[in-house]
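Take a look at the structure below.
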Protein chains: 2
Amino acid sequence: MVSAVSQSDLNRLIAELAGLEIITDVAQVSKLSQDYYTYSPLLQDALADKRGDIVVKVTSEAEVLRVAKACVNHRVPLTVRGAGTGNYGQCVPLAGGVILDVSGMQQVKWVKPGIACVEPGAKLAAIDKQTRESGWEIRMAPSTYRKATIGGFIGGGSGGIGSITYGQLRDRGNLLALRVVTMEAEPQVVELRGDDVYKVAHAWGTNGIITELEIPLAPAYAWAEAIVAFNDFMTSARFGQALGNSDGILKKMVCICADPLPTYFAALKSSIPAGSHVALVLVAECSLEPFAELVKEFGGEVCYQKLAQEASKGITLVEYSWNHTTLHARSVDPTLTYLQTLFPDDPELKVLEHLYDHYGDEVMMHLEFIRVGGSVRPVGLQVVRYTTGDRLQEIMDYHESVNAYIFNPHTYILEEGGRKTVDIQHLRFKERVDPLGLLNPGKMKAWLERRS
Amino acid sequence: MVSAVSQSDLNRLIAELAGLEIITDVAQVSKLSQDYYTYSPLLQDALADKRGDIVVKVTSEAEVLRVAKACVNHRVPLTVRGAGTGNYGQCVPLAGGVILDVSGMQQVKWVKPGIACVEPGAKLAAIDKQTRESGWEIRMAPSTYRKATIGGFIGGGSGGIGSITYGQLRDRGNLLALRVVTMEAEPQVVELRGDDVYKVAHAWGTNGIITELEIPLAPAYAWAEAIVAFNDFMTSARFGQALGNSDGILKKMVCICADPLPTYFAALKSSIPAGSHVALVLVAECSLEPFAELVKEFGGEVCYQKLAQEASKGITLVEYSWNHTTLHARSVDPTLTYLQTLFPDDPELKVLEHLYDHYGDEVMMHLEFIRVGGSVRPVGLQVVRYTTGDRLQEIMDYHESVNAYIFNPHTYILEEGGRKTVDIQHLRFKERVDPLGLLNPGKMKAWLERRS
């Protein structure tokens, strides 16, 4: 797609933004137009040629207001970018225009017991570094924790490490307040609190530019890391479910990888017995003894364990979980792709077992246990041996036919990736704050269909 | 029942314990032989005349060893007592002998992040006072929190305030280690860790004298208190379930009381609209905004709210929850008694609704939501308008017939109150550490039947 923005409009816009840091170099702009959608062969085809016209780097809400106003003036699309660690093209501009790079807005404005106020470009690891000084940490994070920004995570993520205790970002209480800049002729700052935060959360920057967030914090336990090896996959999965259900054992991550996934983990595989199915876990040090009893009950073998102090240096298991599992597999075999699956509420894991048996090595089972509405369930981020787009679709269709719900990671349309329903409050809020449809155009189906 | 101990044995025992604090005054010994079994008209009949012969107050493990040895020497029964706040006669001696009062062993030996080591006579509130200095508190407590001892809670309790997050005492991780003194000819100190702690936990002091405990701690959030009023009971119950399932909202207590129970709450009732069904809750201050949204969703009215600082003075809602609900009702009408019920895993609360409709005012519904094996469920501590023992039994039988499992609070037999099965590891451990059956005799059915 060619940019929809004329050079003359662009020149006027650049002039209007004098004093801000603007990148026009084509190579740099191209690089900053991309994210990690490359996991998906379908998205590779769809997004490889998409780029913005310029990148504007902002460091304050006042600067965001200036850029918003200029973009509205000149009818230039604006796509917000954090660290660009998303996997669905959330921050890839479909219609050119301005890439608004907010990674320079990285202040932690304040930390109170259980709450922090941060700017959207603050990296998750950097927030933790500051909040841990007073004994707190963020409740949940993606595996891109070191690089990813909080704004990007709230705008385009759903949960992650920590979700085994606190559920998902969309659960009430996991996001307390937001400030957003609107794309009105005279851009405004709107503060959203309570349920109103969901007008903007997980809307991929289509309906407001986040400039500040209040997020809840969790107690910063000393998290020990362990790998537990099992002889058969279903025992490892049942162990994961049981650990999730163990209310007295504090944990932050319960990741299950079927053989042969561990063979892709270069830095870990020497610790893992060949042919094993493994659980990668983060458990509070004060829960290690009861954890060991649970391992014993399931006949597992702890083949790797580090206390928190040691785990904080070098390799962390966090970087082998969630979407990083696929990253490591793809670094060995770039033809691999993946699925995202919510298994049904099925305590005996029968649907999981059926799918594991059904696909064998074609769909390598990777589970993350999380809380969903008060119960522990596995989410699948299965690594798939890709052949064709049709076969991939067939696999996803079959999953849905057995009630394993697919969160399709092979689409750049907001509503097609998640719950597959139009979020009417996203749409209504967009009508109010972005009446010209300039924010991240082409991503929100509800908006596109409204205008057609 | 007359004491089984002869005066001459008793005299020799007293002589052997020279230097320890011994109470022989009949009135005082009688008082220290009782607990709060008076909630049950059946237990009143069964236990009113039960008393020990003497009380020995100990302040150290070394003193416990001396008493144990002397009791074994003279074949004198020994019943351990903490604060005597139990409700099932756990510490009422059935065969006379020594009441071992451990309330003088009240040290908090050390506090680490997430773990404390305490003596059994330490009061729960006193432990919290010390651990909160470093940001921690005990994970769960009964409503007798101010008076109850940790040894008594571990020996005779099952869960309480905090169980909505951490499950019950019997869940792995909620008790880390125990030291117990045995009743062998040469009493030993045995340390139990991991799953071995369940050899002694919840055995009512029948198979070892607890002298030290390692307990896990929870982060000490600033707990706000609120009462939410509802027009109909089932909405209040569904609100409780939804709050329990809200993984992003941190809570410590979710107690639901059907009308007319709130009318028994003298100090609170002026705050509660007449005819209301109420939720009494403890919610972390950092979760108050999302909590308010949940209240709104269910059409509730927050009729009472205190921030943590204010709640720490004067009345606390904790003292209207769990067994204290019954206490307040009985302080108005001493003919009332109660049930203890685990409702089935029934997310729509149909069994609850049926029982609420079925009994009306005869069984006034009081629920505490807790985690059971990873899921949130209500436990009932219904307040019953007592008529006869037969009718009470009929009510309990009917509950069980609809899969509402009764933890019978009208028995002083260990196995009949709880899971109604013999705990073989309790029995095996008793055979080893109390071969003469001197510890709290008459309570463990498995032991009685083994000897008959």
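Observations on the structure shown:
- Checking each residue in segment A:16-37 for being modelled with pLDDT of 95 or more, open to solvent by less than 60 Å² (accessible area, probe 1.4 Å) and outside any loop (DSSP other than H, G, I, E, B) picks out A:ILE22, A:ILE23, A:VAL29, A:SER30.
- For segment A:274-306, filtered to residues that are small (Gly, Ala, Ser) and closer than 28 Å to B:TRP110 by Cα, the residue that is nearest to the chain's Cα centre (by Cα) is A:ALA284.
- Total residues in segment A:222-243, condition within 23 Å of the chain's Cα centre (by Cα) and within 14 Å of chain B (Cβ to nearest Cβ): 3
- Per-region count, segment B:114-139, residues within 14 Å of chain A (Cβ to nearest Cβ) and touching a residue at least 60 places away in the same chain (Cβ under 8 Å): 11
- Test: residue in segment A:38-50 that is part of a helix (DSSP H, G or I), open to solvent by 50 Å² or more (accessible area, probe 1.4 Å), hydrophobic (A, V, I, L, M, F, W, C) and over 30 Å from A:ASP333 (Cβ atoms): no
- Number of residues in segment A:342-356 that are of a type in the set (Ser, Thr, Tyr) and either more than 18 Å from A:SER236 (Cα to Cα) or modelled with pLDDT under 95 (or both): the value is 0.
- The lone criterion from (1) away from chain A (no Cβ under 14 Å); (2) buried (at least 24 other Cβ atoms within 10 Å of the Cβ); (3) over 23 Å from B:GLU362 (Cα atoms) left unmet by B:SER270 is number (2).
- Considering only residues in segment A:244-259 that are closer than 16 Å to A:CYS303 by Cβ and not aliphatic (A, V, I, L, M), the one that is nearest to the chain's Cα centre (by Cα) turns out to be A:CYS255.
- Subset of segment A:294-330 (residues that are open to solvent by 30 Å² or more (accessible area, probe 1.4 Å), within 14 Å of A:PHE239 (Cβ to Cβ) and part of a helix (DSSP H, G or I)): A:LYS296, A:GLU297
- Some residue of segment B:378-396 being over 30 Å from B:GLU184 (Cβ atoms), under 18 Å from the mean Cα position of the chain (by Cα), open to solvent by 10 Å² or more (accessible area, probe 1.4 Å) and at pLDDT 95 or above: yes
- Annotation: of all residues in segment B:58-83 being more than 22 Å from B:LYS445 (Cα to Cα) and outside any helix (DSSP H, G or I), the one that is most open to solvent (accessible area, probe 1.4 Å) is B:THR59.
- Selection within segment A:331-341 - open to solvent by 20 Å² or more (accessible area, probe 1.4 Å) and within 18 Å of the chain's Cα centre (by Cα): A:GLN340
- Applying the condition of being among the charged types (D, E, K, R) and part of a strand (DSSP E or B) to segment A:242-290 and asking which residue is farthest from A:SER331 (Cα to Cα) yields A:LYS251.
- Out of A:GLY244, A:GLY275, A:GLY240, one residue alone is surrounded by fewer than 24 Cβ atoms within 10 Å (Cβ to Cβ), of a type in the set (Gly, Ala, Ser) and touching a residue at least 60 places away in the same chain (Cβ under 8 Å). It is A:GLY244.
- The condition of being among the polar types (S, T, N, Q) and within 24 Å of B:SER6 (Cβ to Cβ) holds for B:SER33.
- Counting the residues of segment A:161-194 that are at negative phi, over 21 Å from the mean Cα position of the chain (by Cα) and within 10 Å of chain B (Cβ to nearest Cβ) gives 1.
The values are calculated or read from the model by the stated rules, or taken from the named source; none is laboratory data. These numbers come from a predicted model, not from an experiment. Every residue, glycine among them, receives a Cβ derived from its backbone with ideal geometry; neighbour counts consider all protein chains shown. Areas reflect the complete protein model, heavy atoms only, side chains present, ligands, DNA and RNA absent. Shrake-Rupley method; radii C 1.70, N 1.55, O 1.52, S 1.80 Å.
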